[in-house]
Structures are given as C-alpha cells and as structure tokens.
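Peer 1: Before I ask anything, let me first share the structure, which is written out below as structure tokens.
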Amino acid sequence: MSEKIVLTGIKPTGIPHIGNYVGALKPLIEMARHNKTYMFIADLHALNTIHDAAQIRRHTYEIAALLMAAGLDLENAVLFRQSDIVQVSQLATMLMNVTPKGLMNRAHSYKASVDKNTAAGLDTDAGVNMGLYTYPVLMAADILLYGTDIVPVGADQKQHVEFARDIAGYFNKIYGETFKLPEPAIGQDTGIIPGLDGRKMSKSYDNTIPLLCPENELKKKIMRIITDSKMPDEPKDPDASTIVQLYAHFANADELADFRARFAAPGMGYGMAKTELFDKVNAALTPVRMEYERLMANPAEIDAVLAAGAEHARAVAEQTYNRVKHAMLG
Ligand code: TRP
C-alpha cells in the first residue's frame, strides 16, 4: 500500500462504453486496490452542460452502481458525490482570487468553444457559461481539498491537473505552504481500444459496444464488427484484426496466444472468431451487469455507500478549508 493519495472525478454523463471501461475504469479500480483513493462523481462539473436535475441524478446512481459492481474496493476508496461536500464550492470561491484570468483563457475546452464560435462567425463567447469558463478552478478545488498526490486522468484532462498545480503554487507563494502539488497520471499501457469499425472506440464515431446492455444486444453488436471478406481457410493477420485486439483486453496471455494462433491458421472464420470474442466479453461482463442491476434496484444501498464516503471526505475537506480560510481571512 503506497502512501500516496490518489484522487479522480467522473462526470455523470451516462454509462461508459466498453472502451472507457477497459481503458479508464478498470485501471482506476485496480489502482484503488493499492492506494488511498478518493473517487467522486463530479455532478457539479456536469452542470455546465446538463440543466436537468433528474438526468444528473440518474447518471450519478449509474456511475456509483457501476463502480461498485465492477469491484471498487471500498476499504481503500472513498466513493462520494462531489456536491455533498460544500467545502469544494467554498474552496473554489477562494481559489478564484489567486487564479489569473489568462490561465482560464488558455484552457483547451474553453478554447475549443471559442474556436468553434469563431469558425461559425459567432460572438467569441457565444454559449459559454461561467461554469465552463471556471471549470478548471472547481477542478483545482477538488484536487487540492484532499491533499492529493496523484490524479489519474485521460490525456484530455492533463492540462486541468497542471492548472491545479499552478493554482496551488500561486496560493502557496502568497499565503505560505498550504497545498501539496498534485501530478497527473495518464494511463497509456492499455493501447487504443478499437470500435466496431476498427477506429478508436468513441461515441463520436458511433462505433461503441455498450457495457451493460442485455446479452443478446451485446452479441448483435459484436457480430457486427467490420471485417474484410476473407474465407475461413484463408490466412489472417491477427495484428490487423479488431476482433483480436478486443479479445486481448478480456483474455489472459495463454488464452490470447491460443486465439491468435487459431485465428491466423486456416479453419477459423470471422463468424467463429466473433462468437468466441462474445463468449469471453460476456463472461467478464455478466457478473458486473448482474450486480449493477441488483444495485440499481436497491438505491438505498448506493445511498449508504455515498453517505459514508461523504462523511469521510467531509472530515478531510473541513480541515483543509479551515486552514485556507484562516490563511486568507484570519
Ligand atoms: N473534468 C474531469 C472529466 O471531465 C472530471 C473531474 C472533475 C475530475 N473533477 C476532477 C478528474 C478532479 C480528476 C480530478 O473527466
């Protein structure tokens, strides 16, 4: 067990697909086995795009249930809802005052909105609310509130973690050593997880395999993976196959070696390979799907976990916030 404190937030915007699960959630759950981990559902961060309370609430339960069903170790991991800790909003208000406006202007996601508006001939800030503009400050508050050392995130979030580090530095310089400087940890060893058409699995390509769909739907999706028209007896290159690449994420080394060899040799057609892939994926996901459904039918169990997590997180948050308040206001 390392001494490092790990923290990450997940926005409640819907159930992840298989690519997110294999590439992000599974590594996080693994990391939480060996580190004290704060893992929260970033419902406040969803507010700049989702203006529907019921939707945020539903997605919050979905993410919590999924993490629990996928085996998040609740001994090491503190699972909570961001908005249950009022100190995060208070700390964000404080941090606003040491955060240069120019830093926010450089944020990738804000810049992307500006570029889109400019290309469309609109006002630079059309459709940009202050939730989007100050998103990095709230995220810095999340990270700094819990004495975080390491923030495992996707590459798209790296800049936000660097901003949190910058903001901590500005604060420490003015008010004395108060915050630890966090570091991003970008997962990369999972490689690209291909979608049905062979491109990176992504909602924007509409090529995803859903994580928790019924078995027959999962099978239909997998049977729809695009291949060339080689016959079963023609040789096939396992390195160029979406089927094999997906299989690799659900099999151990021996199973993978065996599958690759049979795939390359004459005899195995694409239909058979897909059926074997389905069996593997389905065997891995069935227990997760069943536990997820059980939890969603028993929301009180989710509430209890989130309440215990909030209580734990709040105790730490209060201490940090009180130190900040004392440093800034006496
Ligand atoms: N912005 C992150 C995302 O969109 C979610 C998030 C919010 C987060 N607060 C965080 C991630 C703090 C890491 C640490 O994915």
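Peer 1: What are the ³J(HN,Hα) couplings of the range 254-271, residue after residue, when phi is run through the Karplus curve with 6.51, -1.76, 1.60 and θ = phi - 60°? Round to Hz, x for glycine and proline.
Peer 2: Values, residue by residue: 5, 4, 5, 4, 5, 5, 4, 5, 5, 5, 6, 7, x, x, 9, x, 5, x Hz.
Peer 1: Rounded to the nearest 10 degrees, what's the angle between the helix 135-145 long axis and the longest principal axis of the chain, both from Cα atoms, 0 to 90?
Peer 2: With rounding to tens, the tilt is 80 degrees.
Peer 1: Could I ask something else about it? With all distinct Cα pairs included, what does the Kirkwood hydrodynamic radius of the range 203-292 come out to in Å, to one decimal, could you say? Walk me through the numbers on the way to the answer.
Peer 2: Values: mean 1/r = 0.0727 Å⁻¹.
About 13.8 Å, per the Kirkwood formula over Cα pairs.
Peer 1: Report the extension gain between Gln245 and Lys173 in nm, rounded to one decimal, defined as 0.36 nm multiplied by the number of residues separating them, less their alpha carbon distance.
Peer 2: Details: separation 72, 0.36 × 72 = 25.92 nm, distance 4.84 nm.
Extending this stretch completely gives an extra 21.1 nm.
Peer 1: Using every pair of alpha-carbon atoms in the range 83-241, split the distances into 5 Å bins beginning at 0 and state the percent of pairs per bin, rounded to integers.
Peer 2: In whole percents, the pair-distance histogram is 1, 7, 12, 13, 13, 12, 11, 10, 8, 5, 4, 2, 1, 0, 0.
Peer 1: Right, another one. Lys and Arg at +1, Asp and Glu at -1: add these up for the other residues within a Cβ distance under 11 Å of Ala140 and post the number.
Peer 2: Spelling it out: positives minus negatives among the neighbours equals -2.
Peer 1: Also: State in Å² the accessible area per residue of the range 28-126; use a 1.4 Å probe, count heavy atoms of protein chains only, and round to the nearest integer. Provide the component values of the computation, followed by the final result.
Peer 2: Numbers: 4510 Å² over 99 residues.
With the other protein chains kept in place, the range 28-126 gives 46 Å² per residue.
Peer 1: Ignoring ligands, DNA and RNA, what percent of the 1.4 Å accessible area of the range 203-292 is carbon and sulfur?
Peer 2: Numbers: 2600 of 4750 Å².
For the range 203-292, the apolar C and S fraction of the accessible surface comes to 55 percent.
Peer 1: Please report, in debye to the nearest 20, how large the charge dipole of the chain is about its Cα centre when each Lys and Arg carries +1 at its beta carbon and each Asp and Glu carries -1 there. Can you show the working numbers first?
Peer 2: Numbers: 34 positive and 39 negative charges, 119 e Å.
Roughly 580 debye, rounded to the nearest 20.
Peer 1: Leaving out ligands and nucleic acids, note down the accessible area per residue over the range 203-292 with a 1.4 angstrom probe, in whole Å². Mind dumping the intermediate values first?
Peer 2: Numbers: 4750 Å² over 90 residues.
Solvent-accessible surface per residue comes out at 53 Å².
Peer 1: Roughly how far apart, in whole Å, are the Cα centres of the range 265-309 and the range 58-92?
Peer 2: Going from one Cα centre to the other spans 21 Å.
Peer 1: A further question on this structure: Between Arg57 and Arg224, what length comes free when the chain is fully extended (0.36 nm per residue of separation minus the Cα-Cα distance, one decimal in nm)?
Peer 2: Details: separation 167, 0.36 × 167 = 60.12 nm, distance 3.30 nm.
Residue separation times 0.36 nm, minus the Cα-Cα distance, leaves 56.8 nm.
Peer 1: Amide H of Ile5 versus every other amide H placed in the peptide plane: which residues, excluding those fewer than 5 positions away on the same chain, fall under 5 Å?
Peer 2: Long-range HN contacts for Ile5: Asp149, Ile150.
Peer 1: Right, here's the next one. For the range 154-167, in order, what is each residue's ³J(HN,Hα) by Karplus, 6.51 cos²θ - 1.76 cosθ + 1.60 with θ = phi - 60°, in whole Hz (x at glycine and Pro)?
Peer 2: x, 4, 5, 9, 4, 4, 4, 5, 4, 4, 4, 5, 4, 5
Peer 1: If you stretched the chain out fully between Ile192 and Leu103, how much longer would it get, using 0.36 nm times the residue separation minus the C-alpha to C-alpha distance?
Peer 2: Numbers: separation 89, 0.36 × 89 = 32.04 nm, distance 3.09 nm.
Between Ile192 and Leu103, full extension yields an extra 28.9 nm.
Peer 1: If you roll a 1.4 Å probe over the range 1-109 with all protein chains in place, what percent of the accessible area is carbon or sulfur? Could you put the intermediate results ahead of the total?
Peer 2: On the way: 2350 of 4480 Å².
That share works out to 52 percent.
Peer 1: Now for a separate question. Not counting ligands, DNA or RNA, and with a 1.4 Å probe, what is Asp279's accessible surface area in Å² rounded to the nearest 10?
Peer 2: Taking all protein chains as shown, Asp279 has close to 90 Å².
Peer 1: Quick one: which of Lys4/Lys180; Lys111/Lys158; Lys111/Lys173; Lys180/Lys325; Lys11/Lys203; Lys203/Lys236 span more than 20 angstrom between C-alpha atoms? List each step's numbers first, then the result.
Peer 2: Working: Lys4/Lys180 11 Å; Lys111/Lys158 15 Å; Lys111/Lys173 28 Å; Lys180/Lys325 17 Å; Lys11/Lys203 15 Å; Lys203/Lys236 29 Å.
Too far apart for the 20 Å limit: Lys111/Lys173; Lys203/Lys236.
Peer 1: List the equivalent ellipsoid semi-axes of the chain in whole Å, largest first, each obtained as the square root of 5λ for an eigenvalue λ of the Cα gyration tensor. Show your work: numbers first, answer last.
Peer 2: Details: eigenvalues 324, 105, 69 Å².
After scaling each eigenvalue by five and taking roots: 40, 23, 19 Å.
The values are calculated or read from the model by the stated rules, or taken from the named source; none is laboratory data. In this text the structure is predicted, and so the values were computed from the model without any measurement. Because the Cβ atoms are built from the backbone with ideal geometry, glycine has one as well, and the counts that use them run over all protein chains shown. In case anyone asks, the SASA skips ligands and DNA or RNA and just uses the protein heavy atoms, side chains included. Shrake-Rupley method; radii C 1.70, N 1.55, O 1.52, S 1.80 Å.
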